[in-house]
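For reference, the structure discussed in these notes is given below.
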Amino acid sequence: MTARQPLIIGVTGGIASGKSTVARAFAQHGIPWVDADDVAREVVAPGEPALAEIRRRYGPRVLHEDGHLDRRALRDIVFADTAERRWLESVTHPRIRQRLGEHLEDFRRRDVPYVLLVSPLLFESGQYELVDRALVIDVPESLQIERTARRDGVDEAQARAIVAAQMPRDERLSRADDVLVNEGDERRLADQVAELDRQYRALGGLPPAR
Ligand code: ADP
């Protein structure tokens, strides 16, 4: 008999929609997660082939003295240049996806009810192919801008520009299997996550947690 395979739930949403907060709320139910942003940093760590490729293309100006990637310098290069951004994504995205797959495999070997893959670029990067369901965290844009500005110390215009550069809200919602509307307080969020936890356990053929 083959072991039960835990479902993989992709959690996505725009900046400051509440992805990390939601992941922490699921952790209260014993659910592990892997964060695509952490893995994106892993694949460009010193010694990684992606970092060597980036250095070959842009030279030492994108490295700190200690050999780590200067993410801000790289961002300045690719932010305004679509061709360079595409090149960078072609170097990093496949490696991020592969590494995420390895992390998820490790989780699958453990006895967990289901697993989260938390990623701002679930739909844009092909990571969508790694998950069984997509949970979109949705907030009204005004609240998203307010939470971005407060958390990241940017002004409203900057927060608005970041939101405008991301996948449109409607498109993200159209690709969701489940939607968590995160416009209440953290207590409301905890209740919504508890309900989703019940649903995901049921989908995986598991009894509700006590
Ligand atoms: P993301 O990971 O999607 O960028 P975060 O989880 O970091 O978003 O949330 C963005 C900010 O909004 C954080 O400062 C967080 O504490 C706050 N926040 C998220 N959800 C809620 C909520 N339901 N009530 C109040 N503040 C929230």
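The values are calculated or read from the model by the stated rules, or taken from the named source; none is laboratory data. Please read all numbers here as calculations on a predicted model, not as lab measurements. Using ideal geometry, Cβ is built from the backbone for each residue, glycine included, and neighbour counts are taken over all protein chains shown. Please note that ligands, DNA and RNA were not included when accessible areas were found on the heavy atoms of the full protein model with its side chains. Shrake-Rupley method; radii C 1.70, N 1.55, O 1.52, S 1.80 Å.
Among the residues of the stretch 94-109, those identified as touching a helix residue (DSSP H, G or I) at 6+ places or on another chain (Cβ under 7 Å), in contact (Cβ under 8 Å) with a residue 40 or more places away in the chain and among the charged types (D, E, K, R) are ARG95, ARG99. If I filter the stretch 40-60 for residues that are of a type in the set (Asp, Glu) and open to solvent by 70 Å² or more (accessible area, probe 1.4 Å), do I get at least one hit? Scanning the stretch 40-60 turns up no residue that is of a type in the set (Asp, Glu) and open to solvent by 70 Å² or more (accessible area, probe 1.4 Å).
In the set LEU180, LEU173, LEU189, LEU196, only one residue is of a type in the set (A, V, I, L, M, F, W, C), loosely packed, with under 14 Cβ neighbours inside 10 Å and modelled with pLDDT of 95 or more; that residue is LEU173. Applying the condition of being under 17 Å from the mean Cα position of the chain (by Cα) and among the polar types (S, T, N, Q) to the stretch 86-118 and asking which residue is most open to solvent (accessible area, probe 1.4 Å) yields GLN98. Going by what's in this entry, would SER142 be described as within 17 Å of the chain's Cα centre (by Cα) and either aromatic (Phe, Trp, Tyr) or within 16 Å of the ligand (Cβ to nearest atom) (or both)? In short, no. Within the stretch 61-72, the set of residues being farther than 30 Å from TRP33 by Cβ and surrounded by 11 or more Cβ atoms within 10 Å (Cβ to Cβ) comprises ARG61, LEU63. Of the residues making up the stretch 19-51, those that are closer than 20 Å to LEU121 by Cβ, more than 11 Å from the ligand (Cβ to nearest atom) and not in a helix (DSSP H, G or I) are TRP33, VAL34, VAL43, VAL44, ALA45, GLU48. Here is a check on your reading of the model: is ALA159 more than 9 Å from the ligand (Cβ to nearest atom), of a type outside the set (Lys, Arg) and either more than 23 Å from ARG24 (Cα to Cα) or open to solvent by 90 Å² or more (accessible area, probe 1.4 Å) (or both)? Considered against the rule, which asks whether it is more than 9 Å from the ligand (Cβ to nearest atom), of a type outside the set (Lys, Arg) and either more than 23 Å from ARG24 (Cα to Cα) or open to solvent by 90 Å² or more (accessible area, probe 1.4 Å) (or both), ALA159 comes out as yes.
Name the one entry in ARG24, ARG56 that is over 25 Å from VAL131 (Cα atoms) and free of Cβ contacts under 8 Å to residues at least 60 places away in the same chain. Every option except ARG56 fails the conditions.
Pairs linking a residue in the stretch 72-93 that is touching a residue at least 24 places away in the same chain (Cβ under 8 Å) to a residue that is among the hydroxyl-bearing types (Ser, Thr, Tyr), with Cβ atoms under 6 Å and 6 or more positions apart or on different chains, are HIS93/SER125.
List every residue pair whose Cβ atoms sit under 7 Å apart, with the two residues 6 or more apart in sequence or on different chains, where the first one lies in the stretch 164-189 and is more than 16 Å from ALA134 (Cα to Cα) and the second, anywhere, is more than 10 Å from the ligand (Cβ to nearest atom). Partner pairs satisfying both residue conditions: GLU183/PRO140.
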